[in-house]
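**Student:** Below is a structure I'd like to ask you about.
The values are calculated or read from the model by the stated rules, or taken from the named source; none is laboratory data. Not measured: the values here are computed from a predicted model. Note that we place each Cβ from the backbone using ideal geometry, even for glycine, and neighbour counts take in every protein chain shown.
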Amino acid sequence: MRMILIGPPGAGKGTQAARLVDRLKIPHISSGDMLRAAAREGTELGKTAQSFMKVGGLVTDDIVTGIILERIAKPDCAQGFMLDGFPRTPPQVEALNQALQSSGVTLDIVLLLSVPDELIIERITGRRSDPVTGAIYHLKYNPPPSEVVGRMVQRPDDTIEACRERLAKYHCDTEPVIPLYEAQGILKRIDSVGPLDEITARIVAILR
Ligand code: AMP
């Protein structure tokens, strides 16, 4: 299965992807995670990406597209993949379409996780992750177990200012991606408000 998760920041893409990949046995490819890893490694590309990410801007299409197309060409993606956070602009859609076409494969489904803007700021500013396992929690809605509370970290772009900018970028740059996949007939909308298990169940029902 070749699938894409799109949605505003804080829609639960990373959380739901982690729950789904175990069932689907396909690699979870998060452009944000890959860019953060490059930034941690301190490569030139990582430093450039970091300068956009920390203020909530988008990393340039050529950088992100290069990283993702290289990743999905790896052997573990031969039977499928779950892209999370990519494509985020129409030029990224075009680059992905071309790459898939030249490999003779097609996308199966694009899941759009929807959350109203007013919930997003609360979701993002309460988000924390465990640097050891990578697990994502929310201080109120999905609190971490007591043994890991002390080591929780917050993403530098989960501040209110960066979050507002990311949301603005989503509306302006990423929403135009939606009609492109609607036109391909593979877009499905998921209401991403409610308990995590319920949202997972909605996704699983659609995938069936
Ligand atoms: P995420 O973890 O998906 O919220 O992404 C974190 C940040 O990484 C975003 O705010 C962007 O700065 C950058 N980023 C991730 N994916 C992309 C993409 N497909 N295009 C441009 N920038 C991206």
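**Student:** Within the range 152-190, can you find the residues that are within 26 Å of THR200 (Cβ to Cβ) and among the polar types (S, T, N, Q)?
**Tutor:** GLN154, THR174, GLN184
**Student:** Continuing with the same structure: Can we say PRO195 is modelled with pLDDT of 95 or more and away from the ligand (no atom under 16 Å from the Cβ)?
**Tutor:** Spelling it out, it is not the case that PRO195 is modelled with pLDDT of 95 or more and away from the ligand (no atom under 16 Å from the Cβ).
**Student:** Working carefully through the options GLN101, GLN79, find the one that is exposed (fewer than 15 other Cβ atoms within 10 Å of the Cβ), touching a residue at least 24 places away in the same chain (Cβ under 8 Å) and more than 16 Å from the ligand (Cβ to nearest atom). Walk me through how you get there before you give the answer.
**Tutor:** Values: GLN101 fails: touching a residue at least 24 places away in the same chain (Cβ under 8 Å).
Criteria check complete, one pass: GLN79.
**Student:** For ASP157, which of the numbered conditions (1) assigned to a helix (DSSP H, G or I); (2) under 15 Å from the mean Cα position of the chain (by Cα); (3) away from the ligand (no atom under 16 Å from the Cβ) fails to hold?
**Tutor:** Of the numbered conditions (1) assigned to a helix (DSSP H, G or I); (2) under 15 Å from the mean Cα position of the chain (by Cα); (3) away from the ligand (no atom under 16 Å from the Cβ), the odd one out for ASP157 is (3).
**Student:** Exactly one of these conditions fails for PRO9: (1) more than 11 Å from the ligand (Cβ to nearest atom); (2) touching a residue at least 40 places away in the same chain (Cβ under 8 Å). Give me its number.
**Tutor:** (1)
**Student:** Within the range 66-122, work out how many residues are under 15 Å from GLY7 (Cα atoms), small (Gly, Ala, Ser) and in a loop (DSSP other than H, G, I, E, B).
**Tutor:** Selection size over the range 66-122: 1.
**Student:** Check whether at least one residue in the range 138-153 is within 17 Å of GLY7 (Cβ to Cβ) and either in a helix (DSSP H, G or I) or among the small types (Gly, Ala, Ser) (or both), and report yes or no.
**Tutor:** The answer is no, given that none of the residues of the range 138-153 is within 17 Å of GLY7 (Cβ to Cβ) and either in a helix (DSSP H, G or I) or among the small types (Gly, Ala, Ser) (or both).
**Student:** Here is a further query. Would you pick out the residues in the range 178-198 that are outside any loop (DSSP other than H, G, I, E, B), surrounded by 13 or more Cβ atoms within 10 Å (Cβ to Cβ) and out of contact with any Lys or Arg (no Cβ under 7 Å at 6 or more places or on another chain)? If you could, list the steps in order and put the result at the bottom.
**Tutor:** Going residue by residue through the range 178-198, those that are outside any loop (DSSP other than H, G, I, E, B) are 178-183, 187-191, 196-198.
From what's left, surrounded by 13 or more Cβ atoms within 10 Å (Cβ to Cβ): 178, 180-182, 187-190, 196.
Hits for the range 178-198 are ILE178, LEU180, TYR181, GLU182, LEU187, LYS188, ARG189, LEU196.
**Student:** What's the number of the only condition in (1) within 17 Å of ILE121 (Cα to Cα); (2) touching a strand residue (DSSP E or B) at 6+ places or on another chain (Cβ under 9 Å); (3) among the polar types (S, T, N, Q) that THR159 fails to meet?
**Tutor:** Tallying (1) within 17 Å of ILE121 (Cα to Cα); (2) touching a strand residue (DSSP E or B) at 6+ places or on another chain (Cβ under 9 Å); (3) among the polar types (S, T, N, Q), THR159 fails exactly one: (2).
This table checks each residue for (1) among the hydrophobic types (A, V, I, L, M, F, W, C); (2) within 21 Å of HIS171 (Cα to Cα).
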residue	(1), (2)
THR48	no, no
GLY57	no, yes
GLY66	no, no
PHE81	yes, no
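**Student:** Can we say MET82 is modelled with pLDDT of 95 or more, under 30 Å from GLU118 (Cα atoms) and touching a His at 6+ places or on another chain (Cβ under 7 Å)? I'd like the intermediate steps shown before the answer.
**Tutor:** Values: modelled with pLDDT of 95 or more: yes; under 30 Å from GLU118 (Cα atoms): yes; touching a His at 6+ places or on another chain (Cβ under 7 Å): yes.
So MET82 passes the test.
**Student:** With in a loop (DSSP other than H, G, I, E, B) and surrounded by 15 or more Cβ atoms within 10 Å (Cβ to Cβ) as the only criterion, which of GLY57, GLY46 stands out? Don't jump to the end; show me each part of the working.
**Tutor:** On the way: GLY46 fails: in a loop (DSSP other than H, G, I, E, B).
Criteria check complete, one pass: GLY57.
Condition check ((1) more than 12 Å from the ligand (Cβ to nearest atom); (2) buried (at least 23 other Cβ atoms within 10 Å of the Cβ); (3) of a type in the set (Val, Ile, Thr)) across all residues:
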site	(1), (2), (3)
ILE4	no, yes, yes
LEU20	yes, no, no
SER31	no, no, no
GLN50	no, no, no
GLY66	no, no, no
LEU69	no, no, no
PHE86	no, yes, no
